[in-house]
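Okay, structure first, notes after.
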Amino acid sequence: MGEAVLDTAFLDALRGGAVLAPMAGVTDMPFRRLCLECGAVYAVTEMVSAKGYLMSGERLRAQQELLAVHPDEYGHVALQLFGHEPDVMAEAAHLLSADGRYFMIDLNFGCPVPKVCRNGEGSAMMRTPGHAFEVIRAVVAGSRIPVSVKMRLGYDSAEEYLELAHAAERAGAGLLTLHARTRSQYYAGQADWKCIRRLKSETGLPVIGNGDITDGVTARRMFQETGCDGIAVGRAAEGNPFIFDEIRTVLAGKTWHAPGTEMRRQMLLRHAADLVSFKGETIGVREMRRHVMNYVKGCRGAVALRRDINTITDLKALEAAVNRFFDGLHTESEE
């Protein structure tokens with residue numbers, strides 16, 4: 001299909017906000033919609049296996065959920081694809097880029113999970129930049145939409161990202177996202193923002209920086225210290241989709257006013273209802289337990305709430321437990 005190009009309007013938008021980074025088990029359709037409504041520039045899906053997709057299409061429910069995009073999201077969702085076989089990746093990219101659900105394909109060369117890396121996929125691709133080049137080139141040729149590459153500093157070494165970045169540029173990728181940790185770090189330690197600055201200075205591609213952005217102030221600092229073209233937020237968005245509005249506000253030079261407890265309650269309850277509607281009550285409630293604890297992190301009584309919801313299996317009971325918790329917060333603030 002040839003190289004599809006990201007336009008200047010997109011690049012301008014990147015500089016005014018933040019992207020929702022892909023997270024397995026988190027960035028499903030209900031959560032992405034909340035983040036987009038709160039101001040995320042775009043959102044990235046959970047990882048989709050190219051081979052898994054070609055073998056099952058969209059027959060399997062789990063696959064349907066991974067690939068689902070709400071009409072409200074069209075033009076603002078990138079599909080994150082992983083695999084290591086150029087022909088398989090190209091065919092999946094060609095099919096999945098056909099109907100306008102996604103505006104970009106994001107190749108995952110950053111996942112640190114052992115079961116992914118054992119197959120030579122995810123961040124293991126950074127060990128073989130020549131092979132990565134072949135994969136990227138095949139996907140670019142097969143895709144009808146632009147292709148980006150998400151990577152880490154390296155598998156073990158913090159130098160592998162530069163070679164992979166140059167390979168991606170030669171292969172026709174249009175955008176790079178660098179999570180400034182090595183695979184061996186997983187999510188521990190401090191992200192090395194100096195590497196984002198170096199990547200930006202040594203490649204002609206737009207660069208999105210990822211790692212240790214926790215609020216509007218750190219977002220602004222990453223732009224200032226690295227010269228990156230955009231930033232991506234991952235774990236800091238869990239239980240806090242408001243962070244995207246915060247970042248937009250701070251980058252615009254305005255004062256951010258954090259949402260009150262009632263607004264957080266309503267966002268949490270909406271998230272729960274949307275997740276249950278999307279995945280069914282049993283799965284939706286089970287997955288929502290984790291999200292609930294992220295919404296109330298740091299609040300008095302959070303430990304007791306965890307105990308309350310740990311065995312809950314229906315939405316009404318979950319909503320009742322959440323409302324009791326927030327009612328208690330209101331009572332405390334009035335005393």
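The values are calculated or read from the model by the stated rules, or taken from the named source; none is laboratory data. On a predicted model such as this, the values are computed, not experimentally measured, just so you know. Virtual Cβ from ideal backbone geometry, glycine too; neighbours counted across all protein chains shown.
For the residues ALA9, ALA68, the requirement of being of a type in the set (A, V, I, L, M), in contact (Cβ under 8 Å) with a residue 40 or more places away in the chain and closer than 25 Å to ILE243 by Cα singles out ALA68. Among the residues making up the range 188-214, those that are surrounded by fewer than 16 Cβ atoms within 10 Å (Cβ to Cβ) and within 20 Å of the chain's Cα centre (by Cα) are ALA188, GLY189, GLN190, THR214. Exactly one residue among ARG270, ARG324, ARG300 is surrounded by fewer than 19 Cβ atoms within 10 Å (Cβ to Cβ), in contact (Cβ under 8 Å) with a residue 60 or more places away in the chain and among the charged types (D, E, K, R), and that residue is ARG270.
In the range 95-131, the residue that is farthest from ALA191 (Cα to Cα) out of those that are among the acidic types (Asp, Glu) and modelled with pLDDT of 90 or more is ASP99. Residue selection: ARG59 fails the criterion of being closer than 20 Å to ALA236 by Cα and among the basic types (Lys, Arg). Screening LEU36, LEU66 for residues that are surrounded by 19 or more Cβ atoms within 10 Å (Cβ to Cβ), under 15 Å from the mean Cα position of the chain (by Cα) and either basic (Lys, Arg) or at pLDDT below 95 (or both) leaves exactly one candidate, LEU66.
Of the residues GLY234, GLY253, GLY239, GLY227, the single one that is touching a residue at least 60 places away in the same chain (Cβ under 8 Å), under 30 Å from SER148 (Cα atoms) and among the small types (Gly, Ala, Ser) is GLY234. Does LEU60 count as in contact (Cβ under 8 Å) with a residue 12 or more places away in the chain and either farther than 20 Å from HIS291 by Cα or in contact with a His (Cβ under 8 Å, 6 or more places away or on another chain) (or both)? No, not satisfied. Among the residues of the range 246-260, is there at least one that is closer than 30 Å to ARG61 by Cβ and surrounded by 15 or more Cβ atoms within 10 Å (Cβ to Cβ)? Scanning the range 246-260 turns up no residue that is closer than 30 Å to ARG61 by Cβ and surrounded by 15 or more Cβ atoms within 10 Å (Cβ to Cβ). As a summary of the residue check, TYR295 satisfies the conditions (1) outside the structural domain of ASP215 (by TED's automatic domain parsing); (2) surrounded by fewer than 20 Cβ atoms within 10 Å (Cβ to Cβ) except for the one numbered (2). I'd like to know if the range 175-185 contains one or more residues that are surrounded by fewer than 18 Cβ atoms within 10 Å (Cβ to Cβ) and either without any contact (Cβ under 8 Å) to a residue 60 or more places away in the chain or assigned by TED's automatic domain parsing to the domain that holds SER97 (or both). Yes, the range 175-185 has at least one match.
I'd like to check something: does the range 278-298 contain any residue that is touching a helix residue (DSSP H, G or I) at 6+ places or on another chain (Cβ under 7 Å) and in a loop (DSSP other than H, G, I, E, B)? Yes, the range 278-298 has at least one match. Test ALA232 against the criterion of being part of a helix (DSSP H, G or I), buried (at least 16 other Cβ atoms within 10 Å of the Cβ) and in the same structural domain as ALA165 (by TED's automatic domain parsing), and give yes or no. Here the answer is no, as ALA232 does not meet what is asked. None of VAL217, VAL139, VAL149 is part of a helix (DSSP H, G or I), buried (at least 18 other Cβ atoms within 10 Å of the Cβ) and of a type in the set (Val, Ile, Thr) except VAL139. The C-beta contact set for the range 110-124 (first residue assigned by TED's automatic domain parsing to the domain that holds ALA188 and over 21 Å from GLY234 (Cα atoms), second residue in a loop (DSSP other than H, G, I, E, B) and among the polar types (S, T, N, Q), distance under 8 angstrom, 6+ apart or interchain) comprises GLY120/THR128.
Of ALA167, ALA92, all but one fail to be modelled with pLDDT of 95 or more and either in a loop (DSSP other than H, G, I, E, B) or under 20 Å from LEU6 (Cβ atoms) (or both); the exception is ALA167.
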